[in-house]
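*Asks:* Can you read through this structure? Questions will come right after.
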Amino acid sequence: MKKNINIIIMGPQGSGKGTQARFLTKKYDLQIFETGAILRELAKQDSEIGRKINEIINVKGDIVPWDFMKERILGQKLDQLDRDKGVIFDGTPRIIEEVEFWSRKLKEVERKIDYIFYIDVSKDESVRRISSRKLCRENSHPLIVGKDLSEDETMCPICGSEVYRREDDTPKKALNRLKWNEENMKPVVEYYDQQKMITRIDGERSIEEINEEILSYIQ
Ligand SMILES: [Zn+2]
């Protein structure tokens, strides 16, 4: 297998792509590029850009406009990555305008996308998973209420740190994002489909099964 593989992992929220991305990051010593995490991190900052993003994603539960974030946020972040290491893009690109931006940007930094995985789950399953998930503060372990911990448990069963629900994980905000996703991701997926670049993965199975399937395509 070649060194420095670059992977895009896509799928609706709640598809488990974050879990798979983290797994692949460890397995192949990759850097993770997650638009959502970059934005959530910025939203905590007391700066002009931080307050603006917080207002959009946490207060309104909206999607950050592409024009606002491309060069100032994402372009900069990409430039900061270690050029000797591969990258996994988690949830990027999200809209068709991004596809062009990323192919240009990636060429600039001499990266080529080797694999694109689309993890597919139904809308019902997606909403159900989003409204039942929590994260732990220290390691962002994804935890499912009713499976990994009970509703009133406050500590991560893996590392013992405090667990919380993401501010934007209410069913209403989740549905809002899913609807947005459906409309905007479709052309992106179609585009990569035409290039015969996408591998579709059935996401309504166990984490291990999904993981094994992904690895079978890489190795
Ligand atoms: Zn934890």
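The values are calculated or read from the model by the stated rules, or taken from the named source; none is laboratory data. Keep in mind that this is a model prediction, so the values were computed, not measured. FYI the Cβ positions are ideal-geometry reconstructions off the backbone, even for glycines, and counts take in every protein chain you see. For the accessible areas, the whole protein counts, side chains as well, though only heavy atoms, and no ligand, DNA or RNA atoms are used. Shrake-Rupley method; radii C 1.70, N 1.55, O 1.52, S 1.80 Å.
*Asks:* Provide the per residue accessible area, probe 1.4 Å, for the chain, rounded to a whole number of square angstrom. Walk me through the numbers on the way to the answer.
*Replies:* Details: 12030 Å² over 219 residues.
That works out to 55 Å² for each residue.
*Asks:* Between rounded, prolate and oblate, where does the chain land on the alpha carbon gyration tensor, with a ≥ b ≥ c its root eigenvalues, rounded for a/c under 1.5, else prolate if a/b exceeds b/c?
*Replies:* Note, shape of the chain comes out rounded.
*Asks:* Hey, rough spin-label estimate for Glu41 and Asn176, points 7 angstrom out along Cα→Cβ, what's it come to in nanometres?
*Replies:* 2.4
*Asks:* If you don't mind, there's one more thing I want to ask. Let me spell out the model: positive unit charges on the Cβ of Lys and Arg, negative unit charges on the Cβ of Asp and Glu, origin at the Cα centre of the range 19-89. What dipole size does that give, in debye rounded to 20?
*Replies:* Here the range 19-89 has a charge dipole of around 240 debye.
*Asks:* Choose one of Ile210, Leu149, Gly18: the residue whose Cα lies farthest towards the positive end of the charge dipole of the chain (beta-carbon charges +1 Lys, Arg; -1 Asp, Glu; about the Cα centre).
*Replies:* Comparing the listed Cα positions along the dipole, Gly18 ranks first.
*Asks:* Moving on to the next point. Given +1 on the Cβ of Lys and Arg, -1 on the Cβ of Asp and Glu, and no further charges, what dipole in debye does the chain carry about its Cα centre, rounded to the nearest 20? Before the final figure, lay out the partial values.
*Replies:* On the way: 39 positive and 41 negative charges, 60 e Å.
The dipole magnitude comes to about 280 debye.
*Asks:* May I ask you to give the percent of accessible area on the chain that is carbon plus sulfur, with a probe radius of 1.4 Å?
*Replies:* Of all accessible area on the chain, carbon and sulfur atoms account for 48 percent.
*Asks:* To two decimal places, what compactness ratio does the range 158-219 give when its Cα radius of gyration is scaled by 2.2 N^0.38 Å?
*Replies:* Numbers: Rg = 16.3 Å, N = 62, 2.2 N^0.38 = 10.6 Å.
After normalising by residue count via 2.2 N^0.38 Å, the value is 1.54.
*Asks:* Is the C-alpha gyration tensor of the range 32-77 telling us rounded, prolate or oblate? Criteria: a/c under 1.5 is rounded; beyond that, a/b larger than b/c is prolate, otherwise oblate.
*Replies:* Working: a/c = 1.44, a/b = 1.39, b/c = 1.04.
Cα axes put the range 32-77 in the rounded bin.
*Asks:* Sorted by average packing, counted as other Cβ atoms within 10 angstrom per residue and highest first, what order do 44-51, 125-132 take?
*Replies:* Sorting 44-51, 125-132 by mean packing, highest first, produces 125-132, 44-51.
*Asks:* Between Phe68 and Leu215, how many nm apart are label points set 7 Å from Cα along the C-beta direction?
*Replies:* Distance between label points: 4.1 nm.
*Asks:* Separate question: Return the subset of Lys44/Lys196; Lys60/Lys107; Lys52/Lys186; Lys112/Lys172; Lys85/Lys196; Lys77/Lys147 for which the Cα-Cα distance in this structure is over 31 Å, preserving the input order.
*Replies:* Lys44/Lys196; Lys60/Lys107; Lys112/Lys172; Lys77/Lys147
*Asks:* How high is the FRET efficiency between Asp202 and Arg166 when r is their beta carbon distance and R₀ equals 25 Å, given to the nearest 0.05?
*Replies:* 0.50
*Asks:* Next question, about the same structure. About the Cα centre of the range 118-217, how large is the charge dipole given +1 on each Lys and Arg Cβ and -1 on each Asp and Glu Cβ? Please answer in debye to the nearest 20.
*Replies:* 400
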